[in-house]
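Visitor: One structure is given below, represented as structure tokens, and several questions about it will come after.
The values are calculated or read from the model by the stated rules, or taken from the named source; none is laboratory data. In this text the structure is predicted, and so the values were computed from the model without any measurement. Cβ: placed from backbone, ideal geometry, glycine included. Neighbour counts: every protein chain shown.
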Amino acid sequence: MSAIEKSPWLIHYDASSCNGCDIEVLACLTPMYDAERFGCIVTGDPKQADIFLITGSVNNLNIPVVKNIYEQMPEPKAVVAIGACAYSGGVFAECYNVQGGVAKVIPVDVYVPGCAAKPESILDGVVRAAQILAEKKKAMRKARRAARHAESPAQEAAK
Amino acid sequence: MSSHDKAAPGPTVIPFGPQHPVLPEPLHFDLTLEDEKVVGAIPQIGYIHRGLEMLVEKRDYLDYVHVAERICGICSFMHGMGYCEAVETILGVQVPDRARWLRTFWSELERVHSHLLWLGLAADAFGFENLFHASWRARETVIDVAEETSGGRVIFGSALVGGVSRDPDDETLRRCMKAIEPVRAEILRLAQVWIGEPTVRHRLSGVGHVSKEAAYALGAVGPMLRASGVDYDARERGYEAYGEIEFKAVVETAGDCMARVLVRLGEIEQSFRILDEVVAKMPAGPVAVPIKGMPPVGESWIRLEQPRGEVLYFVRSNGTRQLERFRVRTPTFANIPAMVEAIKGVSLADVPTVILTIDPCISCTER
């Protein structure tokens, strides 16, 4: 288990959802469900966050905000799209002002089902995202090593 | 002469939001500051606007209840109920007695969970994390009762045109009331912290003052209005079963953040009393009348009291299964001018506290 899997930091943003999933995300952080037992801390700063919890179907005004938060997060990062809206637009899919899903704006790693998503399934999504983070970190290390190897194969071989 | 004494710097504009640690939902302010003092605030909304009022033209008028419930996840049942009431008025349908009382039951349950949620968020806004967790722990028991009786934790899903879709038996209701008994004691304990703790008083007393005249003139609603000393509660209109229940609006006169806390603490206690009465008086009988056919041409509007204040629903039917217009005037929208008034004059550090004290619900506001 890598450090990032043991203690992922979360950031939460409501990209035009009905609030139902958002208060369930908050419920996950409070004593009943307590995401902190998985080492999670909620931060308001995207530059310190590892996992992006995003709800809602993303309206037009929100697109730059969502992209901005995502781009500010350091690699490796994972995105958890919470609720039916974040998947397909849900009940609002036909509304004129929604994109219909988070995946149309940023890449998504884990989808959490439900309308509103239940805290248990949100926690499950966070734990899966932490595993994905660990895999991404491993892949990043491997890529870095390969790049170093390509630069100076002789030095790498000497090690 | 130090550099301080030179020409005073002009006002500074600080952007606040849309993504901000204290806001569960995106809201943007341009705060104009002179030194540490806020002299002006320009709100910008629209981050949650989905355009769901237009959906009424595409959906069947009976199915639209599901969309109406998702105007907001915190007062979802009341949104569904308000839409149903407005449609029932056009149809001329009389809802069965048991449905009226069950609607009152779920409305009050929603008020308790919404106010507890707010107490937690407000405590978090001024950095009292422990109080945040304690409020939300108490709230979970209320949510469990909501789930057992209606089937949903936050989106109850039990509103229906012509009644309600769930019928918890009297035994379940009594058991639920017993289950939330410890929450009442817990809230009394939390109220002591809110009222007695000097650090809380320091952050809330005298902060974000709105006078009685200003609150009335700016059209504030709900706890924001009542905390400034205006005795007005839309429940006194007597909709659903409220006409048969004894209660009095909770009013405070100080008009500051503390007064708004006291109003909400009072309303939680009051809601528990109403819940007791509702369960004791719950009549027997059917919970829904079947609705068939097209709605007649016509329009209607309905007022309700949500946890955040008065809400207004307008529905216009053109005689087909798709309604022509649906409009909601939500409490947070009505409270924004008063909030801007309250922000003026506070220091930058108090801005989150003042914004939180109106209990902003942005997904209602922007729909």
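Visitor: List the residue pairs whose Cβ atoms are under 8 Å apart, where the first residue sits in the range B:207-227 and is without any contact (Cβ under 8 Å) to a residue 24 or more places away in the chain, the second is aliphatic (A, V, I, L, M) and buried (at least 16 other Cβ atoms within 10 Å of the Cβ), and the two are 6 or more positions apart or on different chains.
Guide: Pairs found: B:Tyr216/B:Leu225; B:Tyr216/B:Val230.
Visitor: Quickly run through the range B:23-46 and pick out the residues that are part of a loop (DSSP other than H, G, I, E, B) and of a type in the set (A, V, I, L, M, F, W, C). Give the steps one after another, and end with the answer.
Guide: The initial filter retains those residues of the range B:23-46 that are part of a loop (DSSP other than H, G, I, E, B), namely B:23-27, B:35-36, B:45-46.
Scanning the range B:23-46 gives B:Leu23, B:Leu27, B:Ile45.
Visitor: Moving to a separate point now. Could you tell me which of the residues B:Thr199, B:Thr253 is in contact (Cβ under 8 Å) with a residue 12 or more places away in the chain and not in a helix (DSSP H, G or I)?
Guide: Numbers: B:Thr199 fails: not in a helix (DSSP H, G or I).
Criteria check complete, one pass: B:Thr253.
Visitor: Is it the case that B:Glu197 is of a type outside the set (Lys, Arg) and touching a Ser or Thr at 6+ places or on another chain (Cβ under 9 Å)?
Guide: Numbers: of a type outside the set (Lys, Arg): yes; touching a Ser or Thr at 6+ places or on another chain (Cβ under 9 Å): no.
Here the answer is no, as B:Glu197 does not meet what is asked.
Residue-wise test of (1) small (Gly, Ala, Ser); (2) assigned to a helix (DSSP H, G or I); (3) closer than 20 Å to B:Glu53 by Cα; (4) away from chain A (no Cβ under 13 Å).
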| site | (1), (2), (3), (4) |
| --- | --- |
| B:Val65 | no, yes, yes, no |
| B:Gly73 | yes, no, yes, no |
| B:Arg98 | no, yes, no, yes |
| B:Arg103 | no, yes, no, yes |
| B:Leu131 | no, yes, no, no |
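Visitor: While we're on this one: Say whether the condition of being in a loop (DSSP other than H, G, I, E, B) and either of a type in the set (D, E, K, R) or modelled with pLDDT of 90 or more (or both) is met by at least one residue in the range A:145-159. Break it down into steps so the answer makes sense when it comes.
Guide: Looking only at the range A:145-159, we keep the residues that are in a loop (DSSP other than H, G, I, E, B), and these are A:152, A:159.
Those still in the list that are either of a type in the set (D, E, K, R) or modelled with pLDDT of 90 or more (or both) too: A:159.
For the range A:145-159, residues in a loop (DSSP other than H, G, I, E, B) and either of a type in the set (D, E, K, R) or modelled with pLDDT of 90 or more (or both): present.
Visitor: If A:Tyr13 satisfies all but one of (1) at the interface with chain B (Cβ under 7 Å from one of its Cβ atoms); (2) closer than 26 Å to B:Thr365 by Cβ; (3) over 15 Å from the mean Cα position of the chain (by Cα), what's the number of the condition it fails?
Guide: Against the list (1) at the interface with chain B (Cβ under 7 Å from one of its Cβ atoms); (2) closer than 26 Å to B:Thr365 by Cβ; (3) over 15 Å from the mean Cα position of the chain (by Cα), A:Tyr13 comes up short only on (3).
Visitor: Same structure again: Within the range A:89-102, does at least one residue satisfy the condition of being surrounded by fewer than 21 Cβ atoms within 10 Å (Cβ to Cβ) and more than 22 Å from B:Gly46 (Cβ to Cβ)?
Guide: Checking the range A:89-102: not a single residue is surrounded by fewer than 21 Cβ atoms within 10 Å (Cβ to Cβ) and more than 22 Å from B:Gly46 (Cβ to Cβ).
Visitor: Let me ask something else about it. Being farther than 22 Å from B:Asp124 by Cα, more than 12 Å from the chain's Cα centre (by Cα), surrounded by fewer than 15 Cβ atoms within 10 Å (Cβ to Cβ) and of a type in the set (D, E, K, R), is that true of even one residue in the range A:47-70?
Guide: So far as the range A:47-70 goes, yes, one or more of its residues are farther than 22 Å from B:Asp124 by Cα, more than 12 Å from the chain's Cα centre (by Cα), surrounded by fewer than 15 Cβ atoms within 10 Å (Cβ to Cβ) and of a type in the set (D, E, K, R).
Visitor: Continuing with this model, one more query. Quick check: anything in the range B:192-211 of a type in the set (D, E, K, R), away from every other protein chain (no Cβ under 14 Å) and surrounded by fewer than 17 Cβ atoms within 10 Å (Cβ to Cβ)? Even if it seems obvious, please write down each step before you answer.
Guide: If we filter the range B:192-211 for residues that are of a type in the set (D, E, K, R), which is where we start, we get B:197, B:201, B:203.
Filter again for away from every other protein chain (no Cβ under 14 Å), leaving B:197, B:201, B:203.
From what is left, the residues that are surrounded by fewer than 17 Cβ atoms within 10 Å (Cβ to Cβ) are B:197, B:201.
Among the residues of the range B:192-211, at least one is of a type in the set (D, E, K, R), away from every other protein chain (no Cβ under 14 Å) and surrounded by fewer than 17 Cβ atoms within 10 Å (Cβ to Cβ), which makes the answer yes.
Visitor: While we're here: Please state which one of B:Trp101, B:Trp136 is in contact (Cβ under 8 Å) with a residue 60 or more places away in the chain and out of contact with any strand residue (DSSP E or B) (no Cβ under 8 Å at 6 or more places or on another chain). First the steps, then the outcome.
Guide: Values: B:Trp136 fails: in contact (Cβ under 8 Å) with a residue 60 or more places away in the chain.
The conditions single out B:Trp101.
Visitor: Contact list please: Cβ distance under 7 Å, first residue in the range B:315-326 and touching a residue at least 40 places away in the same chain (Cβ under 8 Å) and farther than 9 Å from B:Val297 by Cβ, second residue of a type in the set (Lys, Arg) and exposed (fewer than 14 other Cβ atoms within 10 Å of the Cβ), pairs at least six apart or on different chains.
Guide: B:Gln322/B:Lys58
Visitor: Taking the conditions exactly as written (more than 10 Å from chain A (Cβ to nearest Cβ) and hydrophobic (A, V, I, L, M, F, W, C)), does B:Val39 satisfy them or not? Step through it out loud before you land on a result.
Guide: Values: more than 10 Å from chain A (Cβ to nearest Cβ): yes; hydrophobic (A, V, I, L, M, F, W, C): yes.
Considered against the rule, which asks whether it is more than 10 Å from chain A (Cβ to nearest Cβ) and hydrophobic (A, V, I, L, M, F, W, C), B:Val39 comes out as yes.
Visitor: Could you run through the range A:40-57 and say how many residues are at the interface with another protein chain (Cβ under 10 Å from one of its Cβ atoms) and not polar (S, T, N, Q)? Can you show your working first?
Guide: Step one: list which residues in the range A:40-57 are at the interface with another protein chain (Cβ under 10 Å from one of its Cβ atoms), which gives A:42-46, A:55-57.
Still in the running and not polar (S, T, N, Q): A:42, A:44-46, A:56.
The number of residues fulfilling the criteria is 5.
Visitor: Could you say which residue among A:Tyr33, A:Tyr70, A:Tyr87 is more than 8 Å from chain B (Cβ to nearest Cβ), aromatic (Phe, Trp, Tyr) and either part of a loop (DSSP other than H, G, I, E, B) or in contact with a Cys (Cβ under 6 Å, 6 or more places away or on another chain) (or both)?
Guide: Numbers: A:Tyr70 fails: either part of a loop (DSSP other than H, G, I, E, B) or in contact with a Cys (Cβ under 6 Å, 6 or more places away or on another chain) (or both); A:Tyr87 fails: either part of a loop (DSSP other than H, G, I, E, B) or in contact with a Cys (Cβ under 6 Å, 6 or more places away or on another chain) (or both).
Going through A:Tyr33, A:Tyr70, A:Tyr87 in turn, the sole match is A:Tyr33.
Visitor: A follow-up question, please. What is the residue count in the range A:90-127 for residues that are on the phi > 0 side of the Ramachandran plot and either part of a loop (DSSP other than H, G, I, E, B) or among the charged types (D, E, K, R) (or both)? Before you say what the answer is, go through the steps one by one.
Guide: Restricting attention to the range A:90-127, the residues satisfying the condition of being on the phi > 0 side of the Ramachandran plot are A:90, A:100-101, A:114.
Now narrow it down to the ones that are either part of a loop (DSSP other than H, G, I, E, B) or among the charged types (D, E, K, R) (or both): A:100-101, A:114.
The number of residues fulfilling the criteria is 3.
Visitor: Given the conditions (1) without any contact (Cβ under 8 Å) to a residue 24 or more places away in the chain; (2) more than 14 Å from chain B (Cβ to nearest Cβ); (3) within 17 Å of the chain's Cα centre (by Cα), report the number of the one that A:Ala147 does not fulfil.
Guide: It fails just one condition, (3).
Visitor: Can you name the residue in the range A:94-135 that is charged (D, E, K, R) and touching a strand residue (DSSP E or B) at 6+ places or on another chain (Cβ under 7 Å) and is also farthest from A:Ser16 (Cα to Cα) among such residues? Spell out the reasoning first.
Guide: So in the range A:94-135, the residues charged (D, E, K, R) come out as A:94, A:104, A:109, A:118, A:120, A:124, A:128, A:135.
So of that shortlist, the ones also touching a strand residue (DSSP E or B) at 6+ places or on another chain (Cβ under 7 Å) come out as A:109, A:128.
Values: A:Asp109: 20, A:Arg128: 24 Å.
Per the criteria, the residue is A:Arg128.
Visitor: Inside the range B:262-288, can you point out the residues that are in contact with an Asp or Glu (Cβ under 9 Å, 6 or more places away or on another chain), farther than 21 Å from B:Leu173 by Cα and hydrophobic (A, V, I, L, M, F, W, C)?
Guide: B:Leu262, B:Val263
Visitor: Going by the conditions given, is B:Val13 more than 14 Å from chain A (Cβ to nearest Cβ) and under 30 Å from A:Asp45 (Cβ atoms)?
Guide: Working: more than 14 Å from chain A (Cβ to nearest Cβ): yes; under 30 Å from A:Asp45 (Cβ atoms): yes.
Here the answer is yes, as B:Val13 does meet what is asked.
Visitor: Any chance you could count how many residues in the range B:75-96 are in contact with a helix residue (DSSP H, G or I) (Cβ under 7 Å, 6 or more places away or on another chain), more than 14 Å from every other protein chain (Cβ to nearest Cβ) and within 18 Å of B:Thr330 (Cβ to Cβ)?
Guide: Step one: of the range B:75-96, the residues in contact with a helix residue (DSSP H, G or I) (Cβ under 7 Å, 6 or more places away or on another chain) are B:75-81, B:83-84, B:95.
Applying the additional criterion that residues be more than 14 Å from every other protein chain (Cβ to nearest Cβ) yields B:81, B:84, B:95.
When the remaining residues are screened for being within 18 Å of B:Thr330 (Cβ to Cβ), the result is B:81, B:84.
Selection size over the range B:75-96: 2.
Visitor: Identify, please: which residue in the range A:42-75 is touching a Lys or Arg at 6+ places or on another chain (Cβ under 8 Å) and of a type in the set (S, T, N, Q) and is, among those, nearest to A:Glu135 (Cα to Cα)? Quick ask: steps written out before the conclusion?
Guide: Looking only at the range A:42-75, we keep the residues that are touching a Lys or Arg at 6+ places or on another chain (Cβ under 8 Å), and these are A:49-52, A:57-59, A:70, A:72-75.
Those still in the list that are of a type in the set (S, T, N, Q) too: A:57, A:59, A:72.
Values: A:Ser57: 28, A:Asn59: 31, A:Gln72: 20 Å.
Checking each candidate, the answer is A:Gln72.
Visitor: Going by what's in this entry, would B:Pro360 be described as assigned to a loop (DSSP other than H, G, I, E, B) and either surrounded by 17 or more Cβ atoms within 10 Å (Cβ to Cβ) or touching a Cys at 6+ places or on another chain (Cβ under 7 Å) (or both)? Before you say what the answer is, go through the steps one by one.
Guide: Values: assigned to a loop (DSSP other than H, G, I, E, B): yes; either surrounded by 17 or more Cβ atoms within 10 Å (Cβ to Cβ) or touching a Cys at 6+ places or on another chain (Cβ under 7 Å) (or both): yes.
So B:Pro360 passes the test.
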